[in-house]
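Chemist: Below is the structure I would like to discuss, written out as structure tokens.
The values are calculated or read from the model by the stated rules, or taken from the named source; none is laboratory data. No experiment lies behind these values; they were computed from the predicted model shown. Cβ sites come from the backbone with ideal geometry, for glycine too, and all protein chains shown count toward neighbours. Each accessible area value is taken on the protein alone, full model and side chains, heavy atoms only, with ligands, DNA and RNA left out. Shrake-Rupley method; radii C 1.70, N 1.55, O 1.52, S 1.80 Å.
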Amino acid sequence: MIRIIVFLLLIALAAAGAAWLADQPGDLVLNWGGLRLTSKQPMYLLGLVVVVAMVAGLILRGLWKIPGHVRRGRRERRHARGRHAITQGLLAIGHGDSSAARAHAEVARRHAGGDPLALLLHAQSAQLDGDRDGAQRAFRAMAERPDTRLLGLRGLFIEAQRADDPVAAVMIAEEALKMSPSSSWASHAVLGFCCAKGDWAGALSIIDNNQAAGLIDKATYRRQRGVLLAARALEFETVDRDLSRSSAMEALKLAPTLIPAAVLAAKFESEAHQVRRAMRIVETAWLAQPHPDLADAYSHVRLGDAARQRLVRVETLAAKTPGHIEGALAIARAAIDAAEFARARAALEPFTAAPTQRVALLMAEIERTEHGDSGRARAWTLRAVRALHDPVWTADGYVSDRWRPVSPVTGRLDAFQWQTPVAALPSDKGHAIEPSPFEEAMLAPRRVEPPKELASEPPPPKAAEPVEAKPVEPATPTAQDNAPLPVAIEAEPTPADPPASEPAPPPAAESAPPAPAPLFRSRTDLPKAAPAPIPAVIPIVRAPDDPGVDEDGAVDEFAEQIGPPKAQIGGWRGFLSRLGS
């Protein structure tokens, strides 16, 4: 409003001055060389002079500013070339062309050396080429500038991680966190370091800062804080029980389904004789995620109970999640401890067709403890080798035997989950280990045969039909005494026969004793192996004076005393050997 009033006043003053000048009498004469201008109205001539002066001033001003315009144009063209090089270089980095990225980085350094994006392009092109020294120099130059300090620290942090220098990485992350508390990567790195060295107070303060900075929501904040409190409670369980108890209770309030917090809180409540409260804690966590530690804590919630009482309590807990394998395993474990093997078998029956490793091992323990059947126990143990994997604590592909607050691979908080680990990718290849006939036979259901009346004379076992042999001519005195004699192929191998001195009697004169009754009955559930082929015997002819080589090796008197007695030779050769002795 004031500007409008001032503008109107200036217009009024200019109009008044022009009117006053027009009312003044006289002539205006202008002499310039041979030019003479005369006007009865001096206002018009004065206006012409003013216009000429303004034009001349504009021309002079333009001539004065020409060098500045030239410099500005050159600077803008260089800046445009640098921007174009930066753009093309970043695109080259995006599709992995290291040579093009390096060339564009050099162009950007010449034309736009002070641009932060030029420094970033130079650092990333060095990283793409594998030049760590060049990347570190570029990131240090960025860290020295106030506008790119945080970006330079991030680059140095990444290079420290690539160089496997965790101390330098944590120091850089701490400096970045002081500069910018809302930096997510810095808080993540410092949080993992605090958890690794057991600085739970520092880790809790970082979680509070993340929640205040808006990096995490309220639900995530409660869960992460509960995880850190549970880790602190587990660490101080045997050192400071009061701090461990308070941490466990606070963690349970923040994360009621966190398994380690629930197990530890139930243990403290059980020691304080708060049995019902401990049972409610375990039941809440069990409904969210059944776990063997929860089942164990539930079974021992009342100290001093007998094994059968623990079995009844575990069955009550397993009934809350019917059909779940963890409930069946917990029942089987408690039933074995209580010597209730029928209940253990009934609990594991739905899972024996495709058992997991824990199911197979429990079945092996049942067979060994109930019947003392080491064969079936061994078969179940062999089956556990290639059985399905059971759920374990897994984080980023890392399998741990216990729960941990952070992942040792990435440092991510609350990364461990109770799940089945990834053993292998799908493949078109068959199983590496095929089931053996022994295992299938041992795992077959037991057959109970009714007692049979013994016959007066049990039938003799069916023997292999002997092959007719040609009669052997008596040996001449000049024949070699160590040459093998052609013998008939028998069903079972026999030791070396002594040389015959007399012709064999006819087969009819042979007196064979009656065969005794079989000591072991043949198993019908065991597959019969195919008879091994009998290799052809190639006689080795040696000189008469060659004593030969003792193929039996050195005589061991202890082995002869301990070893089983040699079987008696049967047939007509045995008859002749006994007759000669």
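Chemist: Quick check on this structure: which one of Gly226, Gly192, Gly202, Gly198 is out of contact with any Phe, Trp or Tyr (no Cβ under 6 Å at 6 or more places or on another chain) and at positive phi?
Modeler: Only one candidate passes the filter, namely Gly198.
Chemist: Within the range 214-221, can one find any residue that is at positive phi and not aliphatic (A, V, I, L, M)? Spell out how you get there, then give the answer.
Modeler: The first filter runs over the range 214-221 and keeps only residues at positive phi, leaving 214.
Add one more test, that the residue is not aliphatic (A, V, I, L, M), and what stays is 214.
Yes.
Chemist: For Ala354, all conditions in the list (1) surrounded by 13 or more Cβ atoms within 10 Å (Cβ to Cβ); (2) more than 30 Å from Arg232 (Cα to Cα); (3) in contact with a strand residue (DSSP E or B) (Cβ under 8 Å, 6 or more places away or on another chain) hold save one; what is the number of the exception?
Modeler: Single failed check for Ala354: (1).
Chemist: Please work out if Glu315 is among the acidic types (Asp, Glu), open to solvent by less than 70 Å² (accessible area, probe 1.4 Å) and touching a helix residue (DSSP H, G or I) at 6+ places or on another chain (Cβ under 9 Å).
Modeler: Criteria met by Glu315.
Chemist: Here is a follow-up. What is the number of the single condition among (1) part of a helix (DSSP H, G or I); (2) open to solvent by 70 Å² or more (accessible area, probe 1.4 Å) that Trp286 does not meet?
Modeler: Only one criterion is unmet by Trp286, namely (2).
Chemist: Return the pairs, sorted by first residue and then second, in which the second residue is at pLDDT 85 or above and open to solvent by less than 30 Å² (accessible area, probe 1.4 Å), the first residue lies in the range 153-168 and is farther than 17 Å from Met142 by Cα, the beta carbons are less than 7 Å apart, and the residues are 6+ apart or on different chains.
Modeler: Filtered contacts from the range 153-168: Gln161/Ala169; Ala168/Ala160.
Chemist: Might you let me know whether the range 365-388 holds any residue that is free of Cβ contacts under 8 Å to residues at least 24 places away in the same chain, over 28 Å from Ala261 (Cα atoms) and aliphatic (A, V, I, L, M)?
Modeler: yes
Chemist: Looking only at the range 332-345, which residues are open to solvent by 30 Å² or more (accessible area, probe 1.4 Å) and closer than 13 Å to Tyr298 by Cβ?
Modeler: Scanning the range 332-345 gives a single hit, Arg333.
Chemist: Pick from Arg61, Arg77, Arg71, Arg3: which is open to solvent by 80 Å² or more (accessible area, probe 1.4 Å), modelled with pLDDT of 75 or more and under 60 Å from the mean Cα position of the chain (by Cα)?
Modeler: Only one candidate passes the filter, namely Arg77.
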